[in-house]
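Here is the structure we will look at.
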Amino acid sequence: MRGSKDIARRLRLRGFPGRDSFRRHYPVAAAVAVVAGVGGWLLLRQLEGPRQFLPRPVSASHALFGDKCETCHDAFQVVADAACQQCHSLRRHAADEVDTPRCAHCHVEHRPTDVFLSVSAQACVSCHGDLKTSGKDPQIETKIGTFAAHPEFAALRDGKRDHDPAMLRFNHQVHLTSSQIPDSERPLSCASCHRLGADGRRVQPIRYATDCQRCHTQFVDGPVASLAALHAPPEAIREDLRRQLIDAAAPIWTAASEDLRRKSAAVVVPSPELLVPQPPLPGRAPRPPFAVERFSLAVLEADLYKDYVEPPTKDAQGSDLPADQRQSRNDLNKGCFLCHVEQGRRDAASALPQIAPTAIAERWLSRADFSHRRHAMMPCESCHAHVRDSRETSDTNIPGKAVCQRCHVDGQRESAGTSCMTCHLYHDSSKATAPALAPATLAAVQAAASAPGPACAGNADCAEKAPMPLPSPPRAPIKWWEDVER
């Protein structure tokens, strides 16, 4: 029986442990590694300069001084707001905010350049998830953590659609379905009157000259032919009608046109003896046919400013009139008050009416930044579904939150996005408290941009290069919703 000693005798232990031939080269290998590291650093310093320390390139907006870390960074310190305000004006988010986050809290540099302005929703929710203010109670919802928790839009929050403040009589249904639309304009669509701005974001305000006049030019029967009435305040309309009446009377009166203009009274009524038809004489051109009573401004203005008449919907017995027997507003109203609303009552028959300002809302979502261009592939009525049935001016025809949630859904991969920045902006340029770029700061930026950086040390060719161009002059503070496309 073999024991442990018998087994141990079979092992060869001579010269164990063996000599390590590499151990003698440890100092040389360490020296080579140090030299290689220093040489590599010197090479990167020569080729890249300070950029070798960048975790990622800076955004395109900051590329002007992308290799000058000292422009924004202090040694071993976070980027302070003062560094940002060398170029950017100080903008307040809200007057009664409890705490203003640092610029770098939302705008994180050294990320892919296309996301520098794409602020995470969490940056917004950190305050608006449980909003606190330093003053009075906030005017907005105080607990919004997701789009699903977002309240209904303010104009529709009470469940009604009758908040349009415009002082104007307008019926979308008639304009989209009526047979009285001129053939040259039929069929009307949203784009017939509502046009986008150059940036494709917001619908331009409705204007009479560009959107209404081609169908609603106002005429009044004159003494010889129809006279066009200006779309202007009544005082301007009166002066223009007087001028047109004088021009119409010139070939009829025996006085010269210049005398008529000089002697015209407040109301143009020519003398009856000048308007008596005379027998035709050889060589005398016959006077054109005319109506004497139509030479009165009062008569013409009475036609223009007739009181508005609402089309009846019931007959004399109180029964509903059939649809084919009902008159339209356009049939019963031919003057200014077909569309406009009179403010108060006139003191006398000759007094001019006071037209109420139209007050057409130019922006409904005042706290949001909506772009129609991004939704151009969708038909208008897919979101504005109530327009075709809208009969009253007070109808609020903007889409509600439920319409947006058909595409913007929390937590779904197919969602069009529900980040706060999809619709909202943080900065309000209209609240800027300082110029966008002060003269002293401009000089500082110029010096920093033109001075040779560390990468140019000892490099004459680099140092002699032309100074970097300055950014374009800043724009004056404007309303935040007028900013360009992000």
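The values are calculated or read from the model by the stated rules, or taken from the named source; none is laboratory data. From a predicted model like this one, the values you see are computed outputs, not experimental measurements. Don't worry about glycine lacking a Cβ; one is built from the backbone with ideal geometry, like all the others, and counts go over all protein chains shown. Surface accessibility is based on the protein's heavy atoms, side chains included, excluding ligands, DNA and RNA. Shrake-Rupley method; radii C 1.70, N 1.55, O 1.52, S 1.80 Å.
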VAL32 under 25 Å from ALA104 (Cα atoms) and not small (Gly, Ala, Ser): no
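Condition check ((1) buried (at least 17 other Cβ atoms within 10 Å of the Cβ); (2) in contact (Cβ under 8 Å) with a residue 12 or more places away in the chain; (3) not acidic (Asp, Glu)) across all residues:
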| site | (1), (2), (3) |
| --- | --- |
| SER120 | no, yes, yes |
| CYS124 | yes, yes, yes |
| HIS128 | yes, yes, yes |
| LEU131 | no, yes, yes |
| GLY135 | no, yes, yes |
| ILE140 | no, yes, yes |
| GLY145 | no, yes, yes |
| ALA149 | no, no, yes |
| ALA155 | yes, yes, yes |
Test: residue in the range 351-362 that is farther than 30 Å from ARG157 by Cα and open to solvent by 40 Å² or more (accessible area, probe 1.4 Å): yes
Residue in the range 407-429 that is more than 30 Å from PHE170 (Cβ to Cβ), part of a loop (DSSP other than H, G, I, E, B) and at pLDDT 90 or above present: yes
Qualifying residue in the range 386-405 (condition: over 29 Å from PHE170 (Cβ atoms), part of a helix (DSSP H, G or I) and either among the hydroxyl-bearing types (Ser, Thr, Tyr) or open to solvent by 80 Å² or more (accessible area, probe 1.4 Å) (or both)): no
Tabulated pairs, the range 311-339, first within 15 Å of PHE170 (Cα to Cα), second in a helix (DSSP H, G or I) and charged (D, E, K, R), C-beta under 6 angstrom, 6+ apart or interchain: PRO311/ARG329
The range 273-312, residues that are at pLDDT 80 or above, open to solvent by less than 100 Å² (accessible area, probe 1.4 Å) and farther than 30 Å from ARG242 by Cα: PRO311, PRO312
SER192 being part of a loop (DSSP other than H, G, I, E, B) and either open to solvent by 50 Å² or more (accessible area, probe 1.4 Å) or farther than 21 Å from TYR305 by Cβ (or both): no
Hits in the range 220-241 (condition: touching a strand residue (DSSP E or B) at 6+ places or on another chain (Cβ under 9 Å), open to solvent by 70 Å² or more (accessible area, probe 1.4 Å) and at pLDDT 90 or above): PRO233
